[in-house]
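Here's the structure, in structure tokens; my notes come after.
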Amino acid sequence: MILADKIIDLRKKNGWSQEELAEKLDVSRQSVSKWEGAQSVPDMARIVRLSELFGVSTDYLLKDEIEHMELTADDPVTENGLHTVTMEEAASFLRMREFNAPRVALGVMLCILSPVLIILLSGAQEFGLLALSENRAVGLGLVALFALVGCAVALFVSCGLRARPYEYLEHEKIDTLYGVDGMVRERRDRFQEEFTRHLIMGILLCVLAVVPIFLAMIFAEETAFLHVLAVCVLLAMVALGVFLIVRAGILWDSYRQLLEEGDYSRASKEEQKKYGWFASCYWMLVTAGFLAWSFITNSWDRSWIVWPVAGVAFGAIYAVLKALHRRDA
């Protein structure tokens with residue numbers, strides 16, 4: 001095992017991020033990243049300091065042929081509770097996420113598109129453009145809505161069952177074997193350009209989705225039905241944008257899970273154990289509120305606003321909960 005992999009291995013076993021290790025060594029995070037990427041080697045003073053921090057001998061760090069840790073007296077390293085991830089397991093997980101990502105994204109897209117037909121039929125019936133009674137127009141729209149939501153749920157369930165064997169990566173502390181980190185980083189680097197491109201395109205589509213509403217306001221006097229069409233186009237653009245964002249995000253998160261970075265660092269996993277219940281309860285209530293409002297008022301053309309508002313509110317409430325926890329600690 002080379003020095004780069006030993007630093008990665010020992011850092012993760014101590015539950016430190018690259019930033020935290022850099023702070024302890026009084027170096028930049030980029031320096032630690034280069035050490036772990038085998039792009040540079042720490043000087044002897046840093047080697048000695050690494051030895052002290054990790055509780056291993058300098059020989060273990062410097063000699064590639066030494067595979068087993070030579071621990072010092074005050075060893076801070078513990079392997080208890082760590083799930084070892086092999087190269088085969090990591091590769092299988094990434095294949096599963098590549099298979100699931102477009103299907104989960106399609107499910108989210110179908111949920112967003114589900115009210116489009118009921119909005120279109122109700123609007124056409126209201127303005128006399130469709131020879132259907134109101135009940136029949138709403139009924140057909142509801143059939144389409146539940147059909148699309150049913151397809152989405154089927155996609156979510158099938159993808160969830162396929163991902164179940166790897167749930168520990170999201171919640172438990174892991175220890176990757178030799179070569180896994182390098183493989184994951186290489187694949188992440190190759191995907192980064194596509195991730196950035198899809199993220200930008202998705203965000204632009206969501207932002208520009210309001211343009212049809214503004215255009216309908218300009219030409220509303222000529223054709224009132226344009227308002228209905230504008231809402232449908234808005235939902236379609238948002239659905240496509242969210243598809244791109246969700247697919248790219250799932251793939252990007254798969255690399256972060258294996259590297260235990262960002263929201264999947266060990267500290268974040270501990271927070272998730274404390275507040276995971278909040279996310280589940282919150283989104284169940286939001287979904288119930290959305291459906292209740294939509295069915296009671298039949299305002300499918302306006303009730304979609306619940307989702308962006310709920311998303312922003314969730315982020316704010318979650319941040320407040322974490323801040324309160326840190327203050328109490």
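Within the stretch 208-238, how many residues turn out to be part of a helix (DSSP H, G or I) and among the small types (G, A, S)? Give the derivation first.
Within the stretch 208-238, the first condition is being part of a helix (DSSP H, G or I), and the residues that meet it are 208, 211-218, 226-238.
Filter once more, so that each one left must be among the small types (G, A, S): 216, 230, 236.
Going through the stretch 208-238 one residue at a time, the tally reaches 3.
So L226 clears everything in (1) farther than 26 Å from A101 by Cβ; (2) in contact (Cβ under 8 Å) with a residue 12 or more places away in the chain; (3) not acidic (D, E) except one condition, right? Which one?
(2)
On the given criteria, is L205 more than 12 Å from the chain's Cα centre (by Cα), of a type outside the set (V, I, T) and in a helix (DSSP H, G or I)? Break it down stepwise before answering.
Numbers: more than 12 Å from the chain's Cα centre (by Cα): yes; of a type outside the set (V, I, T): yes; in a helix (DSSP H, G or I): yes.
Spelling it out, L205 is indeed more than 12 Å from the chain's Cα centre (by Cα), of a type outside the set (V, I, T) and in a helix (DSSP H, G or I).
Out of everything in the stretch 130-188 that is out of contact with any Leu (no Cβ under 9 Å at 6 or more places or on another chain) and not in a helix (DSSP H, G or I), what residue ends up being modelled with the highest pLDDT?
So, considering only residues that are out of contact with any Leu (no Cβ under 9 Å at 6 or more places or on another chain) and not in a helix (DSSP H, G or I), the one modelled with the highest pLDDT is E167.
Those residues that are more than 25 Å from the chain's Cα centre (by Cα) and part of a helix (DSSP H, G or I), I need them from the stretch 111-129; list them, please.
If the condition is that a residue be more than 25 Å from the chain's Cα centre (by Cα) and part of a helix (DSSP H, G or I), then V116, L117, I118, I119, L120, L121, S122, G123, A124, Q125, E126 are the ones that fit.
Taking the options M201, M237, M183, name whichever one is assigned by TED's automatic domain parsing to the domain that holds G262, aliphatic (A, V, I, L, M) and under 25 Å from S122 (Cβ atoms). Steps first, answer last, please.
Working: M201 fails: under 25 Å from S122 (Cβ atoms); M183 fails: under 25 Å from S122 (Cβ atoms).
Only one candidate qualifies: M237.
Suppose we keep only residues that are among the aromatic types (F, W, Y) and closer than 20 Å to G123 by Cβ within the stretch 299-316. Which one would you say is modelled with the highest pLDDT?
Step one: list which residues in the stretch 299-316 are among the aromatic types (F, W, Y), which gives 300, 304, 307, 314.
Remaining after also requiring closer than 20 Å to G123 by Cβ: 300, 304.
Values: W300: 64, W304: 68.
So, considering only residues that are among the aromatic types (F, W, Y) and closer than 20 Å to G123 by Cβ, the one modelled with the highest pLDDT is W304.
Please identify the pairs in which a residue from the stretch 259-275 that is at pLDDT below 65 has its Cβ atom under 6 Å from the Cβ atom of a residue that is exposed (fewer than 15 other Cβ atoms within 10 Å of the Cβ), counting only partners at least 6 apart or on another chain.
Sorted first by the residue in the stretch 259-275, then by its partner, the pairs are Y275/L321.
The values are calculated or read from the model by the stated rules, or taken from the named source; none is laboratory data. What you see is a predicted model, and the numbers here were worked out from it, not measured in a lab. Cβ: placed from backbone, ideal geometry, glycine included. Neighbour counts: every protein chain shown.
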